[in-house]
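Quick notes on the structure that follows.
The values are calculated or read from the model by the stated rules, or taken from the named source; none is laboratory data. It should be emphasised that the depicted structure is a prediction, and the values quoted were computed from it without experimental measurement. Here the Cβ positions follow ideal geometry from the backbone for every residue, glycine too, while neighbour counts run over all protein chains shown. Surface areas here come from the heavy atoms of the whole protein model, side chains and all, with no ligands, DNA or RNA. Shrake-Rupley method; radii C 1.70, N 1.55, O 1.52, S 1.80 Å.
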Amino acid sequence: MLSRSNWIILGLAVAVAAAGGWLQHASQRAHAPAGAPAIKEGSIAPDLSLPGVDGKQHRLSEFRGRRVLLNFWATWCAPCLTEMPALVRAQANVGEKGGIVVGIAMDDPARVKAFLASHPVNYPVLVGNLDSPSTSLQLGNVGELLPYSVLLDENGRVLATRRGVLDGDQLQQWLAPAAP
């Protein structure tokens, strides 16, 4: 049988554990900062203009007419770098009628150029804006975690979003040509 003081200690320990669990859960839920645009499935993505590693400005609307997989990454993000070979393979397999991967580097432009010089990819790479609201936040990444992907239909409408690494099967599904 537990003494009264042991019951009190046990009760406090349970209360502290419950409060800690709730705080951890609450901190992991994504909350958009005040004034951040809300991107939901079915909404039209903003027609952002971003610099490419080619030195030219590009608008997201340039890629309309095909499904577009916007993949947010950074040179310092290990899961992003693990995902890149699958993105390259998926882009090589979809052909002209399928979707297109557009990488959006959330990183210093010089680091991105240096990285891509030694690790080339077969899809366009743009450089996102890191200032608030960041480019990834503008496209629904309220936690601003990487990698983050947004799938757009042929008209720029958001079909799906995903935090974390995309697997090969999901990439093929997302980049497949839309049914007529």
**OP:** Report whether or not ASP131 is assigned to a loop (DSSP other than H, G, I, E, B) and open to solvent by less than 10 Å² (accessible area, probe 1.4 Å).
**Re:** no
**OP:** Only one of these is in contact (Cβ under 8 Å) with a residue 12 or more places away in the chain, hydrophobic (A, V, I, L, M, F, W, C) and in a strand (DSSP E or B): VAL158, VAL142, VAL165. Name it.
**Re:** VAL158
Original post:
With PRO85, PRO79 as the choices, which residue is without any contact (Cβ under 8 Å) to a residue 24 or more places away in the chain and either in contact with a Cys (Cβ under 9 Å, 6 or more places away or on another chain) or surrounded by fewer than 21 Cβ atoms within 10 Å (Cβ to Cβ) (or both)?
Top reply: PRO85
**OP:** With the condition kept exactly as written, say whether any residue in segment 40-50 is assigned to a strand (DSSP E or B), modelled with pLDDT of 75 or more, open to solvent by less than 70 Å² (accessible area, probe 1.4 Å) and under 19 Å from ASN71 (Cβ atoms).
**Re:** yes
Subject >> Which listed residue, of GLN91, GLN57, GLN28, is open to solvent by 20 Å² or more (accessible area, probe 1.4 Å), within 20 Å of SER134 (Cβ to Cβ) and modelled with pLDDT of 90 or more >> reply: GLN57
Original post:
Looking at segment 104-121, which of its residues are open to solvent by 70 Å² or more (accessible area, probe 1.4 Å) and either of a type in the set (Ser, Thr, Tyr) or without any contact (Cβ under 8 Å) to a residue 40 or more places away in the chain (or both)?
Top reply: ARG111, ALA117, SER118, HIS119, PRO120
Subject >> Filter result for GLY143 (closer than 22 Å to ARG67 by Cβ and either surrounded by 21 or more Cβ atoms within 10 Å (Cβ to Cβ) or of a type in the set (Gly, Ala, Ser) (or both)) >> reply: no
Original post:
Is one or more of the residues making up segment 130-147 of a type in the set (Gly, Ala, Ser), in contact with a strand residue (DSSP E or B) (Cβ under 6 Å, 6 or more places away or on another chain) and farther than 15 Å from CYS80 by Cβ?
Top reply: yes
**OP:** Select from segment 99-145 the residues that are of a type in the set (Asp, Glu) and over 20 Å from VAL88 (Cα atoms) and list them in ascending order.
**Re:** ASP108, ASP131, GLU144
